[in-house]
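The values are calculated or read from the model by the stated rules, or taken from the named source; none is laboratory data. Everything quoted here is computed from the prediction, not taken from an experiment. All Cβ positions, glycine included, derive from the backbone under ideal geometry; neighbour counts span all protein chains shown.
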Amino acid sequence: MAASSSTSTGLEVRILCRRGLLTSPTASLAPGHIQANLLILPSAYASDFRSLCARNPVPCPLLGSTALSKIGDASCIQPDSLINASDVDFDIRTDLPQYNIYESGKLIATKIDVKHEWTSDHVAFLIGCSYSFEGALAAAGLTPRHWVVGGNVPMYRTTRRLNPAGIFTSGTYVVSMRPYREEDVSEVRRITAPYKGMHGEPIAWGYQDMRELGIVDLDKPHWGDVPEIREGEIPVFWGCGVTPQDMIMQAGDKIKGIVIAHKPGCMLVLDVNEADYFKGEG
């Protein structure tokens, strides 16, 4: 089920998710609120993953995690400004629309909650999401196309290498793509650049850059929907928080145990809004 774009707060979105009433992508929901990608790992890999994020801040901007002092607690996110304390029923295992479940690098299931897969040894990480700046683009008359057509943003695996960290020795960027007219790219860059915790400004644009990223066919995204690109438009690419999920797939059986992630496009919508986020950044 999809929710209306009039869903105005992160709490409203999360309640729909935990009741099983929202199972579709969260783009355009709760405008002005920060959204986050999710990766849940066994605790043995938590330190290496933090290092990976620090070494790759564009595709993997780390916003927060479950409390390291309470490993296995699915209700406690740090920093605590991301989820209001008033949401006493918050649960990272239920509050996203859908979850992907991996074992030995292979996708084994997609579910609307992961209560049975979560263990007392799991640590959840929140990665910034470019959905967070789409409201600002729309307010400037640069509405993302997937908002217009009601689909999911297209995402592509690239050949751009990640900087390795610990056990995570192989991996490449995943990028999201939104089409714009070439003359609008400078304004798109200006609007999105301040959102450094949500991938910031685009890393590439145009068809030559597309080829340099190793993307062959825009009509064959690895995740999300086939884009609608109109005459006079070019592809514009951002770092994407599906990168860690793809890295898990490439790591294969080096990662022992169950790994959980959001289904691409189906984010955790937080309580912090843009104004409060930027105030905290300052």
Count of residues meeting criterion [surrounded by fewer than 14 Cβ atoms within 10 Å (Cβ to Cβ) and part of a loop (DSSP other than H, G, I, E, B)] in region 247-281: 1
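Determine, yes or no, whether GLU201 is free of Cβ contacts under 8 Å to residues at least 40 places away in the same chain and surrounded by fewer than 22 Cβ atoms within 10 Å (Cβ to Cβ). Explain how you work it out, then say what you get.
Working: free of Cβ contacts under 8 Å to residues at least 40 places away in the same chain: yes; surrounded by fewer than 22 Cβ atoms within 10 Å (Cβ to Cβ): yes.
The answer is yes for GLU201.
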When region 52-66 is examined, which residues are found to be surrounded by 16 or more Cβ atoms within 10 Å (Cβ to Cβ) and small (Gly, Ala, Ser)? GLY64, SER65
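Can you tell me which residue among ALA2, ALA67 is closer than 22 Å to VAL148 by Cα, modelled with pLDDT under 95 and either outside the structural domain of ALA165 (by TED's automatic domain parsing) or touching a helix residue (DSSP H, G or I) at 6+ places or on another chain (Cβ under 6 Å) (or both)? If you could, list the steps in order and put the result at the bottom.
Details: ALA67 fails: closer than 22 Å to VAL148 by Cα.
Going through ALA2, ALA67 in turn, the sole match is ALA2.
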When you check LYS263 against the structure, is it within 30 Å of ALA85 (Cβ to Cβ), at pLDDT 95 or above and among the basic types (Lys, Arg), yes or no? yes
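Please specify each residue of region 181-198 satisfying the condition of being under 24 Å from CYS266 (Cβ atoms), surrounded by 19 or more Cβ atoms within 10 Å (Cβ to Cβ) and in contact with a Pro (Cβ under 8 Å, 6 or more places away or on another chain). Break it down into steps so the answer makes sense when it comes.
So in region 181-198, the residues under 24 Å from CYS266 (Cβ atoms) come out as 192, 195-198.
Right, trim to surrounded by 19 or more Cβ atoms within 10 Å (Cβ to Cβ) and you get 192, 195, 197-198.
Across region 181-198, the qualifying residues are THR192, GLY197, MET198.
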Set ARG230, ARG211: member being over 16 Å from SER130 (Cα atoms) and assigned to a loop (DSSP other than H, G, I, E, B): ARG230
What is the one condition in (1) in contact (Cβ under 8 Å) with a residue 12 or more places away in the chain; (2) more than 22 Å from PRO31 (Cα to Cα) that LEU137 does not satisfy? (2)
Tell me, which strands (runs of 3 or more DSSP E) lie completely within region 5-116 with 2 or more residues that are of a type in the set (S, T, N, Q) and touching a residue at least 40 places away in the same chain (Cβ under 8 Å)? 33-42, 62-66
For region 149-198, how many residues meet the condition of being closer than 19 Å to GLY128 by Cα, assigned to a helix (DSSP H, G or I), out of contact with any strand residue (DSSP E or B) (no Cβ under 9 Å at 6 or more places or on another chain) and free of Cβ contacts under 8 Å to residues at least 24 places away in the same chain? 1
Check region 14-26 and report whether any residue there is surrounded by 19 or more Cβ atoms within 10 Å (Cβ to Cβ) and under 22 Å from ASP246 (Cβ atoms). yes
Among what's in region 141-169 and is more than 17 Å from ASP246 (Cα to Cα) and polar (S, T, N, Q), pick the residue that is surrounded by the fewest Cβ atoms within 10 Å (Cβ to Cβ). THR143
Set ALA124, ALA138: member being part of a helix (DSSP H, G or I) and surrounded by 15 or more Cβ atoms within 10 Å (Cβ to Cβ): ALA138
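Yes or no: PRO42 in contact with a strand residue (DSSP E or B) (Cβ under 7 Å, 6 or more places away or on another chain), buried (at least 16 other Cβ atoms within 10 Å of the Cβ) and over 24 Å from LYS196 (Cα atoms)?
Working: in contact with a strand residue (DSSP E or B) (Cβ under 7 Å, 6 or more places away or on another chain): yes; buried (at least 16 other Cβ atoms within 10 Å of the Cβ): yes; over 24 Å from LYS196 (Cα atoms): yes.
The answer is yes for PRO42.
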